[in-house]
1. Of the peptides 521-527, 41-47, how do they stack up when ordered by the mean number of other Cβ atoms within 10 Å, highest first?
2. Filter the cross-link list Lys217/Lys519; Lys48/Lys232; Lys117/Lys304 down to pairs whose alpha-carbon distance in this structure exceeds 24 Å.
3. What residue among Ile188, Leu150, Cys128 has its Cα farthest toward the positive end of the dipole of the range 110-222, where the charges are +1 on Lys, Arg and -1 on Asp, Glu, each on the Cβ?
4. What spacing in nm lies between the two simple spin-label points modelled at Ile440 and Ser530, each 7 Å away from Cα in the Cβ direction?
5. Going by average Cβ density within 10 Å per residue, which order do the peptides 360-372, 166-178 take, highest to lowest?
6. Can I get the semi-axes of the range 424-541's equivalent ellipsoid? Compute them from the C-alpha gyration tensor as square roots of 5 times the eigenvalues, in angstrom, largest first.
7. Here are several values of Rg and Dmax of the Cα atoms in Å: (1) 27.0, 88; (2) 23.6, 69; (3) 22.4, 73. Which one was derived from the coordinates shown?
8. In nanometres, what is the gap between the two model label sites at Thr275 and Arg148, each 7 Å from Cα along Cα-to-Cβ?
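The values are calculated or read from the model by the stated rules, or taken from the named source; none is laboratory data. None of the values given here were measured: they were computed from a predicted structure. Neighbour counts are summed over all protein chains in view; Cβ atoms, including those assigned to glycine, are modelled from backbone coordinates with ideal geometry. Each accessible area value is taken on the protein alone, full model and side chains, heavy atoms only, with ligands, DNA and RNA left out. Shrake-Rupley method; radii C 1.70, N 1.55, O 1.52, S 1.80 Å.
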Amino acid sequence: MKTKIIFIPIICLSLFFTACLDDLNVMPLDDNNVTVDEAYSQEGAYLKGLMKIYSVLAMSGQDGEGSTDITGMDGGNTQLLRSLWILQEVSTDECINAWSDDAWTHEINGMNWTNTKCEPIEGVYQRCMFIVALVNEYLTQTTEEKVRGLGWDDATVSMVNGFRLEARYIRALAYYILMDTFGRPPFITEENPSLAPAQLERKELFNWIEGELNELKESLPNPRSSYGRVDKAAVNALLSRMYLNAQVYTGEERYTDCITASNAVINAGYTLADTYANLFRADNNLTCANEIILPICFDGAATKSWGGMTFLICASRGADEVSLEDDGVQAGWDGNRARPELVNKFSFSNPNYAADQDAASILDKRGIFYADGREIFVENWQKTFTTQGWAVYKYSNLNSDGSQGTDVQWPDTDFPFFRLGEIYLNYAEAVVRGGQGGTIDQAVTYVNELRARGYSGTSGDIQASDLTPNFLLDERVRELYWEGVRRTDLIRYGLYTSNNYIWNFKGGVPAGTSVPAYKDLFPIPLSDLSSNSSLTQNTGY
């Protein structure tokens, strides 16, 4: 078993099943209908409740890989990480999906979604709101008064207070995701329970998340205290990402605050992993814990899901590709491929790499592609996809020494939600955009550390004059592709929907075209609008 946080199913129904979940149509969490007092009289129940909250990031349900906590939502297709990744990557220049039988691929590949039900959009919205509901109920049931009322001692009270801080962070993270993708989600906490929660404007929600994180920061454990658990560095990493995008969320730039938060992470003792590819292998919890700030943890024996890393690894490989066994999986799903714009961000020693399908000549070894028998450009993803679009082999279910993970069906690989490489790039961009508290020289140093890892030396080094916003946007692709940040980056640069940058099948046509600006946000699901009269739809839908 890997040394990491392991998600444990919650043990009681009444612990979380309250009115605030009604609109989600949640299935019972256990067949045994016990009282809260009975549940929390059992040793370890408070930790199990917290682990249930964490688990929603990685799993959809408690009864195996196909189960779901929310009725009517497929346990694999709408798993939170899978759904978020699809919105952040497949709708951009980094990825296109071949599953023409799935309605969402037509909508997300070409940015053609509407306000009708779309699985990944529903998945992000409903799973994040489920986290909010779970945390609200957990906080309601774990006040100091209630814990002491059950006869627990000071040590247990202190422990539970720490768990409450972690739960509040996961709720803030869920609200951040909702703010980034939907702008104005319904807002509800344990302090304002409602069957019809109203929306906060995006700037108001930003301010609430910021205040919540700053309040948590001083009391959470020190960085690197426990891999897979929330700590001070996780708070600063989320603040760093928020502040970098603050102008989108609030209309006001916060680059100086981004530098401050980034410095707090950088100075917390994290260092870059020696080998880039190891960040995405099955034992990354052991080999790369010095760089990974907050992972979504997976374990082949304990977190079986058709979403998460199973999706990221299997969907990126073709069913007939000879290297399946070399990547620790037994099945390729012929799904996700790189759009040509992603491949073209890398430097090649062979100038004819596109014609020769030559991935081996990439100078920057962060580009981990499979090109044999594949053309770089996708002309018709519904018919010729098995021969068009390079495969991305960034994620693997092999350990860093080449050995197999614990299971060929269910990966051990953790998803690095926050890592030091991103923080270096956040710092650099904030400095270039005029933030105070950092220097151009230091920014160049950080960028060159990332490039030296990719080039295995100094041949890719840049100078201060190279450090422009546009260069950094491309460098973020090379360092962070397929890590779930691309949509947010393109929106920050004003390139996601506009005609200033088009890519293969943007807008649904091979050559690419612009789409309406309102698609910078996704629509509030009609299922929630119809059940909550306090909500209004995002403009344009």
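1. Packing order, densest peptide first, comes out as 521-527, 41-47.
2. Lys217/Lys519; Lys117/Lys304
3. Cys128
4. 5.7 nm
5. Details: 360-372: 18.4, 166-178: 23.1.
Listed from highest to lowest mean packing, they are 166-178, 360-372.
6. 36, 18, 13
7. Read-out from the structure maps to (3).
8. Between Thr275 and Arg148, the simple spin-label model gives 5.4 nm.
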